[in-house]
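Values quoted throughout were computed directly from the atomic coordinates according to the rules given, and no laboratory measurement underlies them. The model shown is predicted, which means the values in this text are computed figures rather than measured ones. Cβ: placed from backbone, ideal geometry, glycine included. Neighbour counts: every protein chain shown.
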Amino acid sequence: MEAVADTSEKSQDPIVKKLEAAIGAENVKTSKMERLLYSHDSTGLPKEVDLGFHVVPDYVVRPGSAEDVQMIVIIAAESGVPITPRGAATGYVAAAVPAAGGISIDMVARMSNIIKIDEENMTITCQAGASWKKVYDAAWEKGFLLGSYPSSFPNASVAGWIAMSGVGMGNYKYGSAGDNIRNMVVVVPSGAIINTGFESLADNMAGYNLNRLFVGTEGTLGIICEVTLRLFPKPEVLRPLAYSFESLDKVGGPMKDLTRTRVQPLHVAWSDGNHFKFLSKIGHHVPDVGCLWLVTLEGDKAIVDYEEKIVDEIVAKHGGKKESSEIAQHEWDERCYEYRSSMLGLGTSASETLVPVSAYADMVKGLYALMDEMKMEGAIIGIAVDRNSVMFMPYYLFDKESLAKSMTSLSFAYKAGDVAKKFGGRLMGGFGLFMSSQLKPLRGEGYNIEMAIKNAIDPKEIMNPGKLLGMETRFKLKVGAGLFNVGMGAMSMAKKALPADKMIDKKSKELALEELDREKLEQHKNDPLLNKK
Ligand SMILES: Cc1cc2nc3c(=O)[nH]c(=O)nc-3n(C[C@H](O)[C@H](O)[C@H](O)COP(=O)(O)OP(=O)(O)OC[C@H]3O[C@@H](n4cnc5c(N)ncnc54)[C@H](O)[C@@H]3O)c2cc1C
């Protein structure tokens, strides 16, 4: 199809002219419709947010190379216009949504190719916007395993997950987003294009670790254009195992025991009984269990057989039951579709908290108590990050049609962080716009170092301003942790005062499958995040 230039009210804007000259008119969008599409991520923001923050970008650009990105950054720096890099926008904290308008850089539209697979040195190089699934599949086809990836992997971009410093599938064995990077090509605010590492070499003893520097920066230090990741040999077997326990807190014991063995599962995860209850409401066949603990092993068959025996023994010691391999395989196949419950038509919202393994059972009880206090209907899923830390991702159903309930429910994520703190943990899931006041109290004195790095690399503050390092409204009002905490406290009080959520009851009658609105069902069938390959 022939590319068409955007003809809108901004066509005389000098910045548009410069951008068009630099990357081609067809790659610069300024129509209101186009810009609105870039004003939210996977948490749909109420339009009132635009009163406080300039979330609708003024310009949307679609670069095709690091050189295009370089030209955009130079134009932005000269004109003092903010830039927000955007991947697939699957995040929840509005990190990819502008807080101060400016240029939204779409890193997916024209920069999502695999560049090369170096079979000799076991690395894969791709453009920033390639989805994790595309990279995983390309590596697998050549006989390699990509160590870890987010459960949003059908869509989430490689650079987006790195920029969020996410944790995900394969984390227990291969580490998280930042652990497998060999090199990145990054455009920094000065306009320079830099390599952060070495294509097929580790980056030890080479000064400050630049690969690491850009991990978790949420687009505030530079634009990642290309990424080289290390690969692992494809395993002989990949074996998911499923064990049931009467309640989720009972998984705390086996989880701790597992960390004391030499068994090195690829992935460890869990889902509680409420999760399965919600799924059954949308017509899924689910196991009738208090909860499932899922341990996925991979490697040479003989080693996997041995490791399975050890996990079986741990589970038997703690009174759990081994479920069939069909259930285990089904749960593994479903690993990237954990929020199917949003098909209930009610809207779901997720929160992420990290606690030490030793606090597993306390954290489970604390999260359920919070759901009760806030009169919410929710479920708990989670994964083991490594031998020390476990991540809980409680999610809840809320009524999108009630503004009061949907807004006040948002404070659950924040309050879940308080529960985690009580047990030596913390809130996680990124800072973005919503949680940007929280980095300072989290880091203490270390925050000043982070600010010094930001000021040194981005002195004009053009890279994703108003994110990660502090919240600032349209009117230049800085919202510190104190003010934010008071706001969240008030919202959670309001939620407790409202009548209890009864979304399951409310929808139960409507949810017999035959009554489901055909059109809605069709929409969901096409949603790559909710459906299997
Ligand atoms: C169903 C579902 C499952 C999820 N599962 C997980 C999970 O298992 N683990 C997990 O950690 N998260 C998970 N998430 C959250 C989210 O998907 C991840 O954070 C994701 O990796 C973000 O990737 P993205 O491409 O969508 O980035 P975006 O949301 O578009 O952007 C995220 C941040 O990265 C920055 N950014 C994007 N591209 C670049 C670039 N090229 N250079 C510099 N900065 C850039 C943006 O400015 C923004 O700050 C899940 C979300 C959903 C909806």
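A few remarks follow.
- Anchor LYS415: aspartates and glutamates whose Cα lies under 13 Å away (excluding residues fewer than 8 positions away in-chain): GLU352, ASP372, GLU373
- Built amide H within the under 5 Å cut-off of MET428, gap 5+: GLU352, THR353, LEU354
- Calculated FRET efficiency for the pair ALA497/ILE449, C-beta based, R₀ 41 Å, to 0.05: 0.50
- Radius of gyration over Kirkwood radius for the range 191-286, both on Cα atoms: the Rg/Rh ratio is 1.13.
- Residues within the reach of a label modelled at LYS365 (point 7 angstrom out along Cα to beta-carbon, backbone nitrogen below 17 Å), restricted to the range 246-279, are 246-256.
- You can think of it this way: the chain between GLU401 and ILE504 has 35.6 nm of extra reach, that is 0.36 nm per residue less the Cα-Cα gap.
- Entries in LYS277/LYS322; LYS365/LYS440; LYS317/LYS502; LYS478/LYS502 that, when Cα-Cα distance is taken, lie over 26 Å: LYS365/LYS440; LYS317/LYS502; LYS478/LYS502
- The translational diffusion coefficient of the range 143-239, from Stokes-Einstein at 37 °C and 0.692 mPa s with a Kirkwood hydrodynamic radius over alpha carbon pairs, comes to 234 µm²/s.
- Amide H within-cut-off set for GLU323, under 5 Å, with H built and near neighbours excluded: ALA242, TYR243, SER244
- Mean Cβ count within 10 Å, highest first, over the residues of peptides 27-36, 425-434, 135-144: 425-434, 27-36, 135-144
- Available extension along the chain between LYS317 and SER79 is 79.1 nm, counting 0.36 nm per residue and deducting the alpha carbon span.
- Computed over the Cα atoms of the chain, pair by distinct pair, the Kirkwood hydrodynamic radius stands at 24.2 angstrom.
- Pair GLU48, MET33: separation of 7 Å Cα→Cβ label points (nm): 2.9
- Rounded to the nearest 20 debye, dipole of the chain from Cβ charges on Lys, Arg, Asp, Glu: 1120
- Relative to its residue count, the range 85-200 spans a Cα convex hull of 108 Å³ per residue.
- Computed from Cα positions, the angle between helix 411-422 and the longest principal axis of the chain comes to roughly 60 degrees.
- Highest-first packing order for the peptide set 278-289, 376-387 is 376-387, 278-289, based on the mean count of other beta carbon atoms within 10 Å.
- Between the beta carbons of VAL486 and ASP300, assuming R0 = 51 Å, the FRET efficiency works out to 0.35 to the nearest 0.05.
- ASP118/ILE457 FRET efficiency (R0 30 Å; Cβ-Cβ; nearest 0.05): 0.50
- Length-normalised contact order for the chain - Cα pairs under 8 Å, 6+ apart - percent: 15
- To the nearest ten degrees, helix 132-141 and the longest principal axis of the Cα atoms of the chain are 70 degrees apart.
- Within the range 242-257, backbone nitrogen closer than 15 Å to the virtual label 7 Å beyond the Cα of LYS309 toward Cβ: none
- P(r), alpha carbons of the range 394-493 - 10 Å bins starting at zero, rounded %: 14, 41, 31, 12, 1
- Alpha carbon Rg of the range 1-155, scaled by the compact-globule rule 2.2 N^0.38 Å: 1.15
- For the set LYS467/LYS495; LYS29/LYS134; LYS142/LYS454; LYS133/LYS422; LYS29/LYS116, the pairs lying more than 32 angstrom apart at their alpha carbons are LYS142/LYS454; LYS133/LYS422.
- For the range 272-286, 3J(HN,Hα) per residue [Karplus equation, 6.51 cos²θ - 1.76 cosθ + 1.60, θ = phi - 60°, Hz, x = Gly/Pro]: 8, x, 4, 4, 6, 4, 4, 5, 5, 5, 9, x, 8, 7, 10
- In this structure, the amide hydrogen of HIS267, modeled 1.01 Å from its nitrogen in the peptide plane, lies closer than 5 angstrom to those of THR296, counting only residues at least 5 positions away or on a different chain.
- Helix 14-23 axis versus longest C-alpha principal axis of the chain: approximately 70°, rounded to the nearest ten.
- Inter-site label distance for GLU326 and LEU442 at 7 Å from Cα along Cβ, in nm: 4.3
- Between the listed residues VAL56, HIS284, ILE23, the Cα displaced farthest toward the positive end of the dipole of the chain, a dipole computed from Cβ unit charges relative to the Cα centre, is found at VAL56.
- With contacts taken as Cα pairs under 8 Å at a separation of at least 6 residues, the range 118-192 carries a relative contact order of 26 percent.
- Mean separation of Cα contacts under 8 Å (6+ apart) over length of the range 25-146, as relative contact order %: 23
- Phi-based couplings in Hz for the range 235-245 (Karplus 6.51, -1.76, 1.60; Gly and Pro marked x): x, 5, 9, 10, 10, x, 10, 10, 10, 9, 9
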